[in-house]
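The values are calculated or read from the model by the stated rules, or taken from the named source; none is laboratory data. Every value quoted in this text rests on a predicted model; they were computed, and no experiment measured them. Quick reminder, even Gly has a Cβ in these numbers, built from the backbone with ideal geometry, and neighbours come from all protein chains shown. Please note that ligands, DNA and RNA were not included when accessible areas were found on the heavy atoms of the full protein model with its side chains. Shrake-Rupley method; radii C 1.70, N 1.55, O 1.52, S 1.80 Å.
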Amino acid sequence: MKLGFFTMPIHPLHRPLAETLKEDRELAVIAERNGFVEGFYGEHITDSAETITSSLIFIAWALSVTSTIKLGSGTVNLPNHHPAMVAAEVAMLDHMSEGRFLFGISPGGLLSDAEVFGNLERDRTEMFVEAINQILAIWEGEPPYDLAGKYWTVSTAKTLVREIGQGFIQKPFQRPHPPIVVTAVAPFSKGVTEAAARGWDPISANFLLPQWVKTHWPKYVEGCEAGKREADPANWRVAKSVFVAEDMATARRYATEPGSPYYSYYNSLATKLVKNGRANLFKRDQKEPDSAVTVERVVEDLVIWGTPEKVIDDLAAFREQTGDFGTLLYAGHDWADKALAIRSMELMAEKVAPALASANAKSVAA
């Protein structure tokens, strides 16, 4: 099992923006130093806690202080962008990274973002599909492009000057394009099936109960079959909130107590999702009322914490429940205590991941 990370991020409202942005960039440095193979950064425009407004700009910054780790958008929320701009910016970033870029895409889930861009009442899934189709067509085609859609039109027919390169949009460094991944946040996600059929791979969100994460694999298999490709667990990424400490008391305090980074994270996230009609994501039984979704219970259900030995056992149990997957994406949380946060990542790399890999190898051999 490989290690990566995924951060939205979510920070306390009182922290200075310049400070948290530096912290989020350092996350990539610490991850690379500890052998994490990849990391994803989210983006939201209208949220004071989720402070990265452009994953592409942020990744360009993080590339300058890393050399081996692959960095991905987690995600570019396509309805909020013009497809030609995304195609051009991703192509440039892919060249800047020399192939270290992963293209994560989604329709976007923050309703205030949808409102500010005038998309609140629109079919954002339909917009998402049109956008990625046009982006891929730009990369596959040649100017003047002439792409006419319901939401966007892309053409340089009136201004094309071939001999000097005017009217051209650059193609990515990786051909035909960077690997495309999609986030899966719904049980039995139809999006996973559609993505797999097109050759893309899923990331199961860290705020899903294991019983819902489990539903993504059959949908991935279904899509791979439709796309005539092998459904390989190595291509499935699963995000998880994990905290590892040297002793149980520290782990319990930092991961579960009110005001702790993990508690505050899920207080913010659960509040948004419940208000947006997505309380079902946190329900053990879909017949439960929304009032059953409390922060305390969400933390209990979704955060794995403890000493390395306990975390190894808990992650093994989680993997037993969800099925095999290739990359565990360690969910990024605010560094309320920088030393503890960094040590948790070190323990994940030094003790937890090797033990899980060894146990999985023995299971496969058996």
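Some observations on this one:
- 26 Å Cα-Cα reach of Lys287 towards lysines, excluding residues that sit fewer than 8 places from it in its own chain: Lys190, Lys214, Lys219, Lys240, Lys272, Lys275
- Each 5 Å bin from 0 upward holds the following percent of the Cα-Cα pairs of segment 22-110: 3, 14, 28, 25, 17, 10, 3, 0.
- The rule of thumb for compact globular proteins, 2.2 N^0.38 Å, goes into the C-alpha radius of gyration of the chain 0.99 times.
- Probe 1.4 Å - accessible area at Glu32, Å² to nearest ten: 40 Å²
- When only Cα pairs below 8 angstrom with a gap of at least 6 residues are kept, segment 6-105 shows a relative contact order of 28 percent.
- Cα-Cα separations in segment 175-315 greater than 21 Å, expressed as whole percent: 50 percent
- For the chain: accessible area per residue (Å², 1.4 Å): 44 Å²
- Relative intensity of segment 303-366 on a log10 scale, I(q)/I(0) at q = 0.13 Å⁻¹, equals -0.38, per a Debye sum over C-alpha point scatterers of equal strength in the absence of solvent.
- Qualifying trypsin sites (Lys or Arg not before Pro) for segment 83-163 [loop in DSSP, other Cβ within 10 Å: at most 10]: Lys150, Lys158
- Lys22, Lys228, ranked by accessible area, largest first (probe 1.4 Å): Lys228, Lys22
- Evaluated with a Cβ-only charge set (Lys, Arg +1; Asp, Glu -1), the chain carries a dipole of roughly 300 debye about its Cα centre, given to the nearest 20.
- Using Cβ point charges alone (K and R +1, D and E -1), the dipole size of segment 168-313 about the Cα centre works out to roughly 640 debye.
- The chain - mean residue ellipticity at 222 nm from DSSP helices (-39,500 (n - 2.57) per run, n ≥ 4, rounded to 500): -13000 deg cm²/dmol
- Each residue of segment 66-75 was assigned a 3J(HN,Hα) from its phi angle through the Karplus curve 6.51 cos²θ - 1.76 cosθ + 1.60 (θ = phi - 60°); the sequence is 10, 9, 10, 5, 7, 10, x, 7, x, 9 Hz, with glycine and proline shown as x.
- Under the convention that each Lys and Arg Cβ holds +1 and each Asp and Glu Cβ holds -1, the size of the dipole of segment 114-192 around its Cα centre is about 160 debye.
- Modelled FRET efficiency - R0 41 Å, Leu17 with Thr153, Cβ distances, 0.05 increments: 0.70
- Sparse-neighbourhood loop sites, GluC sites (Glu not before Pro) in segment 215-252 - DSSP loop, at most 15 other Cβ within 10 angstrom: Glu230, Glu246
- Surface composition of segment 135-283: carbon plus sulfur atoms hold 52% of the accessible area, using a 1.4 angstrom probe and ignoring ligands, DNA and RNA.
- For Phe168, the accessible surface of its heavy atoms amounts to roughly 90 Å² (probe 1.4 Å, protein chains only, rounded to the nearest 10).
- For Gly39, distant residues with modelled amide H under 5 Å away: Phe5, Lys70, Leu71, Gly72
- Ligands, DNA and RNA aside, Lys338 has an accessible area near 100 Å² when probed at 1.4 Å.
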